[in-house]
1. Which residue is farthest from the ligand (Cβ to nearest atom), if the candidates are limited to region 154-177 and must be open to solvent by 20 Å² or more (accessible area, probe 1.4 Å), among the aliphatic types (A, V, I, L, M) and farther than 22 Å from LEU261 by Cα?
2. Which pairs have Cβ atoms under 9 Å, sit 6 or more apart or on different chains, and link a residue in region 7-28 that is open to solvent by 80 Å² or more (accessible area, probe 1.4 Å) to one that is of a type in the set (Phe, Trp, Tyr) and outside any helix (DSSP H, G or I)?
3. Of these, SER88, SER69, which one is hydroxyl-bearing (Ser, Thr, Tyr), over 17 Å from the mean Cα position of the chain (by Cα) and more than 21 Å from LYS134 (Cα to Cα)?
4. Consider LEU212 carefully, then state whether it is open to solvent by less than 50 Å² (accessible area, probe 1.4 Å), at pLDDT 95 or above, within 16 Å of the ligand (Cβ to nearest atom) and out of contact with any Phe, Trp or Tyr (no Cβ under 7 Å at 6 or more places or on another chain).
5. Among the listed residues ARG162, ARG187, ARG102, identify the single one that is touching an Asp or Glu at 6+ places or on another chain (Cβ under 9 Å) and of a type in the set (Lys, Arg).
6. Sort out which residues of region 30-78 are assigned to a strand (DSSP E or B) and free of Cβ contacts under 8 Å to residues at least 40 places away in the same chain, and write them in order of number.
7. Six or more apart or on different chains, Cβ atoms under 8 Å: show the pairs whose first residue is in region 174-196 and over 18 Å from LEU33 (Cβ atoms) and whose second is open to solvent by 30 Å² or more (accessible area, probe 1.4 Å) and part of a helix (DSSP H, G or I).
8. Testing LEU273 on (1) more than 22 Å from the chain's Cα centre (by Cα); (2) under 26 Å from ASN65 (Cβ atoms); (3) not aromatic (Phe, Trp, Tyr), one condition comes back false. Which one is that?
Amino acid sequence: MQLFETIDTMRDKSRAWRRKNKRFGFVPTMGALHEGHLSLVRAAKAQCDVVAASIFVNPTQFGPNEDFSKYPRTFERDCELLENEGVSMLFAPTVEEMYPPRAVTYVTVEGMSEKLCGNSRPGHFRGVTTVVSKLFNIVEPDVAFFGQKDAAQVAIIRRMVRDLNIPVEIVACPIVRETDGLAMSSRNAYLDPQQRKAALVLSRSLKEAQVLYQQGVRDAQPLIDHSKEMFAQQPSARLDYFEIIHPATLEPVEKIISPSLVAVAAYLGTTRLIDNIVLG
Ligand code: PAJ
């Protein structure tokens, strides 16, 4: 695996691959890799001739009081994991390389960026869409792989790519979970044993919504009410949102008549976790 820390060297190399008419896959990450990230790499390997990944903890998607400085950084181990999965190129720039002085241009997907996590994390999705469009301009992949774990992120990136005519195909891959159901996340490392246990309320609330749906409930409100009760009984977890929305527009749905996204976010102490399922 070749490591590139500058934009020019990364772009030269990816263009060289594209000239060979290879289908070029890309997996953007912030590192602290786990099986969820590696599932994206495996999907990319299965669908592409050559795969690049990036590791960049992107400061513009963190709020001023969020965990940018303490975000887990495990670069050496990440490199080993990516190499073992057969990744050919790793782009790992510094913050200065990605954001030169006086960088003032942002990409905002208006009307969507404020929804879900964007509501409790103002500016978060603007940072995501800005860095992802920069990464696409640098790496110039044919296809990029994202996790359904961050369902709103996928919807917003799909809209950005459509609206800005970015020639990159977006593939969403299923959520990878721990054996007890907790969605894998780099932030799970922050949880103490008691919080780790309490964190199961996220996946359980989604499972129970699914059971109610399977029993014939179609109205969104009773599913939301039931989940709020579950959180009320688990005081170690503070519910941020539990929403039932259209998976592409992120607009709330009142009745589940077509595939709908059930998305939850909650705080365990200061750690914020998210999860979702699709019903219908
Ligand atoms: P990060 O949180 O590192 O996640 C990188 C990719 O891995 C994302 O597409 C995310 O959805 C996916 N992923 C994380 N946990 C997963 C799981 N349990 N199952 C399946 N996929 C999972 O998301 C970001 O980084 C950043 O916002 C980024 C897109 C890199 C832009 O900075």
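1. The qualifying residue farthest from the ligand (Cβ to nearest atom) is LEU164.
2. ASP12/PHE4; ARG18/PHE24
3. Going through SER88, SER69 in turn, just one is hydroxyl-bearing (Ser, Thr, Tyr), over 17 Å from the mean Cα position of the chain (by Cα) and more than 21 Å from LYS134 (Cα to Cα): SER69.
4. Here the answer is no, as LEU212 does not meet what is asked.
5. Being touching an Asp or Glu at 6+ places or on another chain (Cβ under 9 Å) and of a type in the set (Lys, Arg) holds for just one of ARG162, ARG187, ARG102, which is ARG187.
6. VAL50, VAL51, ALA53, ILE55
7. Short answer, once both residue conditions are applied: GLY181/ARG204; GLY181/LYS207.
8. (1)
The values are calculated or read from the model by the stated rules, or taken from the named source; none is laboratory data. Quick caveat: nothing in here was measured; it's all calculated off a predicted structure. Cβ atoms come from the backbone with ideal geometry, glycine included; neighbour counts cover every protein chain shown. What goes into the accessible areas is simple: the full protein's heavy atoms, side chains included, and nothing from ligands, DNA or RNA. Shrake-Rupley method; radii C 1.70, N 1.55, O 1.52, S 1.80 Å.
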